[in-house]
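The structure appears below as structure tokens.
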Amino acid sequence: MPNFIDLKDLSKDQLLDIISLSIKWKNQEHSKFMTDKHVVLIFEKPSLRTRISFEVGINQLGGMTYLLNEKEMQLGERETIEDTARVLERYADMVVIRCFGHDQIKKFSKVSNLPVINALTDFSHPCQVVADLVTIKEHLGDLKNKKIAWFGDCNNVLQSWIEASVILDFELNIGCPKGIIPNLNTISWANKINKKIKINHNPLQVSEGADCVITDTWQSMGDEGSVSEEIYLPFQVNKNIMRQAKDNAIFMHCLPAYRDKEVSSEVLEGKQSVVFDEAENRLHAQKAIMHFCLNSN
Ligand code: CP
Ligand code: NVA
């Protein structure tokens with residue numbers, strides 16, 4: 001059974017198929033391929049979009065969900081991750097996990113016979129980026145030759161963006177404060193395959209000619225207070241940043257957004273913002289991801 005842990009585990013064709021299927025199913029009826037499937041959701045961190053879009057999606061596909069929230073489950077606390085995985089495979093057909101340590105979900109997936117989906121870890125957020133790619137394709141057409149500009153923190157969402165840009169070979173410009181850098185192993189992996197990832201500390205240059213401008217919170221869950229927010233101030237996405245991008249550029253944010261911190265209210269609420277389409281697309285993208293994991297016909 002395939003897992004969905006990181007985008008870099010997928011081939012280009014697999015990722016493109018998932019994106020196409022998401023768009024197809026957004027626009028037309030699809031089979032209830034999860035009838036009688038039982039899905040356990042382990043959420044060690046809060047969630048609105050991910051949890052609800054998985055629950056709604058699974059229910060729409062005929063399946064059933066069982067939530068273990070942060071009060072009931074911290075992986076490896078009450079019993080070993082291995083024992084948890086071995087028990088759950090006796091009951092369920094799939095496990096969706098949002099946890100802190102990426103190693104924990106890796107360990108779980110290594111032991112488990114069930115497909116495991118990464119619903120966000122401290123390291124990556126692949127479901128989000130599939131939905132984002134779907135959103136770009138809907139608004140701007142093919143991803144080929146698109147220029148993506150990322151602003152702010154070098155976090156889990158960016159990690160999945162870097163992986164997507166390597167697999168699909170589009171341009172990714174990262175605008176971040178000095179001293180804040182993406183994962184070094186990822187950058188050297190990316191550079192070997194694709195030279196298009198650039199890191200720039202001059203915010204106005206980052207969005208020059210961009211098709212899509214993206215940001216995320218400066219303080220991810222579990223990270224709060226680790227760095228002073230002041231260093232990020234020049235990287236706020238506001239109208240000066242958007243002015244450098246193409247006229248038809250879109251603005252994306254995975255949400256939750258902190259208005260007038262990483263993005264000005266004006267941009268978030270403005271005409272170029274597609275953040276609620278992006279949130280909706282979580283539902284469609286995850287159906288295609290679950291289809292991939294269940295190897296369904
Ligand atoms: N974007 C996203 O993953 O939102 P939640 O944290 O609300 O699930
Ligand atoms: N980078 C953010 C994403 C939230 C969906 C976090 O990890 O908190």
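Out of curiosity, is Lys32 away from ligand 2 (no atom under 16 Å from the Cβ) and touching a Leu at 6+ places or on another chain (Cβ under 6 Å)? Taking the combined requirement at face value, the residue satisfies it.
None of Ile97, Ile117, Ile136 is surrounded by 21 or more Cβ atoms within 10 Å (Cβ to Cβ) and out of contact with any helix residue (DSSP H, G or I) (no Cβ under 8 Å at 6 or more places or on another chain) except Ile136. If you filter segment 259-284 down to residues that are assigned to a loop (DSSP other than H, G, I, E, B) and among the polar types (S, T, N, Q), you find that the one that is nearest to Asn59 (Cα to Cα) is Gln272. Would you confirm, using the coordinates I've provided, whether Asn281 is at pLDDT 95 or above, away from ligand 2 (no atom under 16 Å from the Cβ) and not acidic (Asp, Glu)? No: the conditions fail for Asn281.
Filtered by the rule that a residue be of a type in the set (Gly, Ala, Ser) and either under 19 Å from Asp6 (Cα atoms) or more than 16 Å from ligand 1 (Cβ to nearest atom) (or both), segment 149-203 gives Ala149, Ser160, Ala164, Ser165, Gly175, Gly179, Ser188, Ala190.
Restricting segment 21-49 to residues that are under 17 Å from the mean Cα position of the chain (by Cα) and among the polar types (S, T, N, Q) leaves a set whose member that is surrounded by the most Cβ atoms within 10 Å (Cβ to Cβ) is Ser22. In segment 216-252, the qualifying residues are those that are under 13 Å from Ile180 (Cβ atoms) and in contact with a strand residue (DSSP E or B) (Cβ under 7 Å, 6 or more places away or on another chain), and the one that is surrounded by the most Cβ atoms within 10 Å (Cβ to Cβ) is Asp216. Listed here are the strands (runs of 3 or more DSSP E) enclosed by segment 96-210 that have at least 2 residues being closer than 16 Å to Gln286 by Cβ: 116-118. When residues in segment 87-120 are screened for being among the basic types (Lys, Arg) and touching an Asp or Glu at 6+ places or on another chain (Cβ under 8 Å), 2 of them pass. Within segment 47-67, does at least one residue satisfy the condition of being touching a strand residue (DSSP E or B) at 6+ places or on another chain (Cβ under 9 Å) and farther than 21 Å from Phe292 by Cα? Yes, the conditions are met somewhere in segment 47-67. A single member of Ile58, Ile52 is among the hydrophobic types (A, V, I, L, M, F, W, C), in a helix (DSSP H, G or I), surrounded by 14 or more Cβ atoms within 10 Å (Cβ to Cβ) and within 16 Å of ligand 1 (Cβ to nearest atom), and it is Ile58.
Screening the candidates Lys144, Lys110, Lys71 for the property of being under 22 Å from the mean Cα position of the chain (by Cα), without any contact (Cβ under 8 Å) to a residue 24 or more places away in the chain and over 26 Å from Ser31 (Cα atoms) yields one hit, Lys110. Quick check: anything in segment 244-258 assigned to a strand (DSSP E or B), more than 16 Å from ligand 1 (Cβ to nearest atom) and touching a helix residue (DSSP H, G or I) at 6+ places or on another chain (Cβ under 9 Å)? There is at least one residue in segment 244-258 that is assigned to a strand (DSSP E or B), more than 16 Å from ligand 1 (Cβ to nearest atom) and touching a helix residue (DSSP H, G or I) at 6+ places or on another chain (Cβ under 9 Å).
So is Glu208 surrounded by fewer than 21 Cβ atoms within 10 Å (Cβ to Cβ), under 16 Å from the mean Cα position of the chain (by Cα) and not aliphatic (A, V, I, L, M) or not? Working first, answer last.
Numbers: surrounded by fewer than 21 Cβ atoms within 10 Å (Cβ to Cβ): yes; under 16 Å from the mean Cα position of the chain (by Cα): no; not aliphatic (A, V, I, L, M): yes.
No, not satisfied.
This table checks each residue for (1) within 16 Å of ligand 2 (Cβ to nearest atom); (2) under 22 Å from Pro256 (Cβ atoms); (3) basic (Lys, Arg).
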position	(1), (2), (3)
Arg51	yes, yes, yes
Met64	no, no, no
Lys71	no, yes, yes
Gly76	no, no, no
Glu79	no, no, no
Glu82	no, no, no
Glu89	no, no, no
Ala92	no, no, no
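Restricting Leu10, Leu15 to those that are within 25 Å of His102 (Cβ to Cβ), surrounded by 15 or more Cβ atoms within 10 Å (Cβ to Cβ) and either touching a helix residue (DSSP H, G or I) at 6+ places or on another chain (Cβ under 6 Å) or not hydrophobic (A, V, I, L, M, F, W, C) (or both) reduces the list to Leu15.
The values are calculated or read from the model by the stated rules, or taken from the named source; none is laboratory data. None of the values given here were measured: they were computed from a predicted structure. Glycine gets a Cβ as well: all are built from the backbone with ideal geometry, and neighbour counts include every protein chain shown.
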